[in-house]
Amino acid sequence: MNRKGFFFIIVSFILLTYILTSTYFWVRAIEMEENRYSESFRTTSMEMLLAQVNGETIGNYADLSAHYAFYRLNHHSITNPVKVPDGVDIAGAESLDGSELENIRLAMRELVLSGTASGDYFEGDGLEYTTEEKTTYTLEGWASQLNASLEAAGFELTELTIDEGSFEFNQVNFTHFELVFEMNMTIVDTQADSATSIVRSYEVRRLVDGTGMVDPYIARESSRLGLTEGTESVRVGKPIFLAPYWEDGFEYLCEDHDAGDGCYEVAEGSEGQGWFYGPVVMAEDASEISENATYNYILAGNYSEIIAVPGYGEFGAYILTNEPVLEDSPCTSKDNQEETFNPIEYDDECEPSIDGPSSSITSRPFMVYDNFDIEDFTGVDFQSDWDEEAHKLLFVARANPEEVENEPDLKLHDVSIYDIEHLRDFAMCGYYMPRNSSPSFLHRMFDLQGMFDSSSPDYWNWPESSWGMETLAVGRWAGGNIVPDTTWDEYSRVDMEFFSEVEDSPSNEVQMIKGMPGDKNRIMCNMVFDPDLEHVGHFRLSDWAQWDREEYDDIYWIETGNGDEDNIGCDNDEVANCEPAD
């Protein structure tokens, strides 16, 4: 063999080996770079996906889940009250520390996470969402939807858990609750040989607003009354709305009432008879009132203006804006009256009698108030239009008309004038007001009536709690025409008393309150309502509700400053009362 040819072959082989080796390492370098780039790309892709699953996104979903869970829990507790944890005695406690709410917290945690709350938390059945609800309103449902999106990109959600020790559900206001928990999330790359994974922890802190949700206590107890309307059963869905003035407390109901000596009293008339609540119309505007509504109105003006109004005798009551004209009488120490209703005359023995033209004789309630200004009084005229401004008041004289007829001098006592629009607004709008010694929103998920002994009213001494609140039972369902048992009309309208069937007894008088729903005048107070007509019964309050409670929540005590005799309770013997005429 030619040596040169052999050498060439050897050199060529070495060069080829070098080229192949270089090419191999170059290819391996490219492959390694591609792998590094692929890992980086996968990590970046995962980060991009997780960027859409940030703390704000999770918080917003938790917000939706928590609100729905609270709504469902609240509604479920109507028929399946939340169970008080073993070892916790609410009725026997002086104050509450929150331990009684543990089952509510546990139920909320399970509902937010999975949509299933154990029956161990309820006096009845547990709560489980439908499949659609679980998909839409739980974190597990959200995780399932998230995982479907991740799988399409080659990733998997392997962990989404709530740290049980971090979960809190605490009441922070009368209708607001704070949800706090820590959520852990792990996502891995499902690509073969990939070690890419991301672990995240999020602290969720959201506020749940229960405003406007149904009061479960009232709904539960109303369903036990067996209420029906037609062929349909009735459950009262009374929404929980704090009074707009709740921060001012019950004192707001007496706001701006500086003219009188006590809560609600604003002025005094010089004389009169009977009592009446309603809107006032001046004599010059009387023609604007429809004939079938005049009995609801107080007609105001001087004597000659009032009797000049066609059909003035059909109005419910009168305010005379002039003092009686006084004339000499045979009794040297007394003057006869003219230009007024039920004018008094005295004989030579100073015995009074009512004497005058027929236009001056009335059995209607009236008062003399020469400083009357209709603009001093406000209200809404329900007789004409919900948006129509009205001027409403309540006046209470010393004696009823038949008493004045028998003893005319009784007419000469001062007449108390009240502005009770704030109180009526509170009652008729169904507002709630803070009261420490009443059940809170969450406590109303318990079967409260089971904790009370009606023979010894424990509801008077409900343990102190920061978020207790009280409302009134007012409406057709509360002693009105959809209550089959007419005795319910006899009960006190404070929510806890109404469902505890607190009625008139020697130890706890329950009386109608002048001016309140069903008690706007003496005729209404004595009316036995036709069950076929819509009505709300007669608003009543117990002694305890009116004045036996702590001073700070003395909300229904409507006084003048002259002692118990001036309370506007209908059965008070010291003022014009609600008893029927003999």
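Details
- By other beta-carbon atoms within 10 Å, ranking 275, 246, 477 with the fewest at the front produces 246, 477, 275.
- Note on residue 89 and residue 501: their simple-model spin labels are 2.6 nm apart, each label 7 Å out from Cα toward Cβ.
- As a proxy for reagent exposure, ranking 331, 578, 429 by other Cβ atoms within 10 Å from fewest up yields 429, 331, 578.
- When only Cα pairs below 8 angstrom with a gap of at least 6 residues are kept, the range 386-438 shows a relative contact order of 35 percent.
- Using C-alpha pairs under 8 Å with a sequence gap of at least 6, the mean separation divided by the residue count of the range 54-209 gives a relative contact order of 21 percent.
- In straight-distance terms, cross-link reach from residue 411 covers every one of the lysines whose alpha-carbon lies under 30 Å from its own, apart from those fewer than eight places away in the same chain; here that gives 334, 392, 514, 520.
- Positive minus negative residues near residue 168 (Lys, Arg vs Asp, Glu; Cβ under 14 Å): -2
- Calculated FRET value between residue 402 and residue 348, using beta carbons and R₀ = 22 Å, to 0.05: 0.25
- Approximate spin-label separation residue 132-residue 63, in nm, with each point projected 7 Å along Cα-to-Cβ: 2.5
- Relative contact order computed over the range 265-419 (Cα-Cα under 8 Å; 6+ residues apart), in percent: 32
- Distance from the C-alpha centroid of the range 468-543 to that of the range 398-434: 18 Å, rounded to the whole angstrom.
- Each peptide among 344-357, 391-404 gets the average number of other Cβ atoms lying within 10 Å of its residues, and from highest to lowest they stand as 391-404, 344-357.
- With neighbours defined as other Cβ atoms within 10 Å of a residue's Cβ, the residues 162, 104 order from fewest to most as 162, 104.
- The range 274-304-the range 350-382 distance, computed between alpha-carbon centres (Å): 11
- Cα-based convex hull volume of the range 265-419 per residue, rounded to whole Å³: 99
- For the range 81-121 versus the range 122-172, the gap between their alpha-carbon centres in whole angstrom: 21
Laboratory data are not the source of any read-out in this text; all were calculated from the coordinates shown. From a predicted model like this one, the values you see are computed outputs, not experimental measurements. Cβ: placed from backbone, ideal geometry, glycine included. Neighbour counts: every protein chain shown.
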